[in-house]
Amino acid sequence: MEKGGITYPEGFRASGIHCGIKSERDNDVSLIFSENPCIAAGTFTTNKFRSYSLLWTLRNINNEIQAVLMNSGNANTCNGKENYKYTSLLAEELSATLGIKSSSVLIASTGIIGKPLPYEKILSSIPHLKETLSHGNHIEAAKGIMTTDTFPKEFQLDTGIRGRHREVCIGGMTKGAGMINPCMATMLGFITTDAVIERESLQAALKQSVEDSFNMVTVDNDMSTNDMVVCLANGRAGNKRIRVGTDEYEKFLASLKSVCINLAKMIASDGEGAGKLIEVRVKGGWCKRDAKRVAKKVAGSNLVKSTVYGCWPNWGRILASAGSSSARIDTGQIDVSLCGTRVYDGNPVKHDEAKLRKRMGKKEIVIEIDLKKGDFSATAWGCDLTEKYVKINKE
């Protein structure tokens, strides 16, 4: 599959440049632009403190959208009410430059909390952002939202839904490495599609996709003030309108969920200071909520994360974490496997510890838990906890 990220679907262009928010020459401002007005859907942080950029986006998300302006290095949060005025000035200037309405602009920020928004630097970058808009600059846009990320995160796929010129496509990019324990959101995630789809159907598909992907990621159990994921649909594929309850909707939902899961796993694998991705697969839950509770609790346990980092098969920490999740658990029935080795089935299971330690040295660690209480399952993703995490956040 050819790369394309956020510009993979037809009619989308992107750019990313350095405007001076970050001291290094790294990209720190990005722009997504659609040649056609889009319907938009979004999920957002439930943190009581919210970025002024996020508040602007919440105010305008139900409008027809054509552009998303993003910056990294500054959260635009808890920095004085005048910064909402600066946020609106950025939307107005961008809309004038692109020849669109300011109400069709969404804004997102990520970075340090409490610092004044360097809106003059962002303002001065808008002409260059417009000039460099292209289908090929998706990677530059993905770089522009990075903070402590070690690599840009993007994914794209074809849905199999037939359109007038080509099949419907979905592309996306995200960022996130620390302060990740979202609720109805992610750190920053942007998804585009050329599908013709009802707004309500797009929102329903995004909500369900986020629930099973970004909301199942935990790096450090802290929720950001800026978390959002936004999906734009410009209708350029010319397909039959997608509605909930149709076969096309199920195809679209499966494809959108695949994009979200792939991006979510990238976030987990790139947790601050992380060296390993942890995937916790839970089945046999009495209900979906129980399965999710156990999966996310284990994936987020600092003791489990430290065990994975040290390659020690201390499965007791997995049981202790699962048992503290408030899920329905029969301690005499639960099964636990680590890296494909069963370690507990209601009683300790004999295994070759040396071989298991060697398996735990791999980059991806899978923990499987069977609650044997019902038919519900869930998967969560996290990462190991290293000394580097403390170093990064200390600095």
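May I ask you to say which residue of Ala75, Ala14 is at pLDDT 95 or above, under 21 Å from the mean Cα position of the chain (by Cα) and either among the basic types (Lys, Arg) or crowded, with 22+ Cβ neighbours inside 10 Å (or both)? Steps first, answer last, please.
Working: Ala75 fails: at pLDDT 95 or above.
Exactly one of Ala75, Ala14 is at pLDDT 95 or above, under 21 Å from the mean Cα position of the chain (by Cα) and either among the basic types (Lys, Arg) or crowded, with 22+ Cβ neighbours inside 10 Å (or both), namely Ala14.
Quick check, is Leu54 closer than 19 Å to Phe214 by Cβ and either without any contact (Cβ under 8 Å) to a residue 24 or more places away in the chain or of a type in the set (Asp, Glu) (or both)? Lay out the reasoning, then the answer.
Working: closer than 19 Å to Phe214 by Cβ: yes; either without any contact (Cβ under 8 Å) to a residue 24 or more places away in the chain or of a type in the set (Asp, Glu) (or both): no.
In short, no.
How many residues does the stretch 271-289 hold that are touching a strand residue (DSSP E or B) at 6+ places or on another chain (Cβ under 7 Å) and among the acidic types (Asp, Glu)?
Qualifying residue count, the stretch 271-289: 1.
Report yes if some residue within the stretch 248-271 is more than 23 Å from Leu202 (Cβ to Cβ) and part of a loop (DSSP other than H, G, I, E, B); otherwise report no.
There is at least one residue in the stretch 248-271 that is more than 23 Å from Leu202 (Cβ to Cβ) and part of a loop (DSSP other than H, G, I, E, B).
Here is a yes/no grid of residues against (1) without any contact (Cβ under 8 Å) to a residue 12 or more places away in the chain; (2) surrounded by 18 or more Cβ atoms within 10 Å (Cβ to Cβ); (3) of a type in the set (S, T, N, Q):
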| position | (1), (2), (3) |
| --- | --- |
| Ala299 | no, yes, no |
| Ala322 | no, yes, no |
| Ile329 | no, yes, no |
| Gly332 | no, no, no |
| Ser337 | no, yes, yes |
| Ala354 | yes, no, no |
| Lys373 | no, yes, no |
| Gly382 | no, yes, no |
| Lys391 | no, no, no |
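Considering only residues of the stretch 194-247 that are closer than 26 Å to Glu167 by Cα and β-branched (Val, Ile, Thr), which is surrounded by the most Cβ atoms within 10 Å (Cβ to Cβ)?
Among residues in the stretch 194-247 that are closer than 26 Å to Glu167 by Cα and β-branched (Val, Ile, Thr), the one surrounded by the most Cβ atoms within 10 Å (Cβ to Cβ) is Val229.
In the stretch 159-206, which residues are outside any strand (DSSP E or B), hydroxyl-bearing (Ser, Thr, Tyr) and at pLDDT 95 or above? Even if it seems obvious, please write down each step before you answer.
So the first thing to find is which residues in the stretch 159-206 are outside any strand (DSSP E or B), and the list is 159-168, 176-187, 194-196, 198-206.
If we keep only those that are hydroxyl-bearing (Ser, Thr, Tyr) too, we end up with 159, 186, 201.
Matches in the stretch 159-206: Thr159, Ser201.
Mind telling me which of the residues Ser34, Ser109, Ser102 ends up being buried (at least 17 other Cβ atoms within 10 Å of the Cβ), free of Cβ contacts under 8 Å to residues at least 24 places away in the same chain and in the same structural domain as Ser213 (by TED's automatic domain parsing)? Steps first, please.
Values: Ser34 fails: free of Cβ contacts under 8 Å to residues at least 24 places away in the same chain; Ser109 fails: free of Cβ contacts under 8 Å to residues at least 24 places away in the same chain.
Result of the check over Ser34, Ser109, Ser102: Ser102.
Determine, yes or no, whether Ser255 is among the polar types (S, T, N, Q), surrounded by fewer than 24 Cβ atoms within 10 Å (Cβ to Cβ) and in contact with a Gly (Cβ under 9 Å, 6 or more places away or on another chain). So that I can check it myself, show each step before the final result.
Numbers: among the polar types (S, T, N, Q): yes; surrounded by fewer than 24 Cβ atoms within 10 Å (Cβ to Cβ): yes; in contact with a Gly (Cβ under 9 Å, 6 or more places away or on another chain): yes.
Here the answer is yes, as Ser255 does meet what is asked.
The values are calculated or read from the model by the stated rules, or taken from the named source; none is laboratory data. Since we're looking at a predicted model, the values are computed, not measured. Here Cβ is always computed from backbone atoms with ideal geometry, including for glycine, and neighbour counts include all displayed protein chains.
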